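What follows is a single structure, written as C-alpha cells, with notes after it.
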Amino acid sequence: MENPLAVFPIWVVVIDYVLGMVMWTLVARTAMNFFLPEDSSFFFMRFFVRATNPLLKLFKPITPSFLLEPLIPLYVAWFFFMFRFYLMPWLLGYSVMGMLSFPLESEIAALIYYYFR
C-alpha cells in the first residue's frame, strides 16, 4: 500500500478526506433512516441529521421532488461520489484513478487488511 501523500499533493488528500467523510456521513444517515426516524433521540442519528441538514438544504434546488424523503441524503452523497471519482481526477490530469484509489477508502482498506489478514 502506497502512502497517499507520496502519490498526491497534501491538498488533494485533505480535500478527498473531507469530501469522503461528508459522503459517508450522508450514506450513514440514509442507512440509519431505514431503522430510526429523523427526530430520534439516539445520539448518532441526531449527529447525522444535524451534520447533514445544511447540505440537504443547499442541494434542495436540484433535488427531484419525486424522491422519497429517506433517500435524499443518498442522492446528495452521489454528487460527492461523482466529484471524487470523476471530476477530481480529471482536474488533476489523471485519465483513470480506479476504485479504491481514493485516499480515504484506500487507507481504510489497508487497515482492514492489516488487522484481518
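The values are calculated or read from the model by the stated rules, or taken from the named source; none is laboratory data. Because the structure is predicted, anything quoted here is derived from the model rather than measured. Cβ coordinates were reconstructed from backbone atoms using ideal geometry, including for glycine residues, and neighbour counts include every protein chain displayed. Accessible surface is based on the protein model in full, side chains and every heavy atom, while ligands, DNA and RNA are left aside. Shrake-Rupley method; radii C 1.70, N 1.55, O 1.52, S 1.80 Å.
Just a few scattered comments:
- Mean Cβ count within 10 Å, highest first, over the residues of peptides 19-32, 58-71, 36-49: 19-32, 36-49, 58-71
- Potential lengthening between Glu107 and Phe83 on full extension [0.36 nm per residue; Cα-Cα distance subtracted]: 6.7 nm
- Entry note, the chain: relative contact order of 33 percent, from Cα contacts under 8 Å with a spacing of 6+ residues.
- Judged by the ratio a/c of the largest to the smallest principal axis of the C-alpha gyration tensor, the chain counts as oblate, that ratio being 1.5 or greater while a/b is no larger than b/c.
- Spin-label pair Phe47/Ala31, simplified geometry with 7 Å Cα→Cβ offset, distance in nm: 1.4
- Theoretical ellipticity at 222 nm over the chain - DSSP helices of four or more residues, -39500 (n - 2.57) apiece, nearest 500: -20000 deg cm²/dmol
- Fraction of accessible area attributable to carbon and sulfur, the chain (%, probe 1.4 Å): 73
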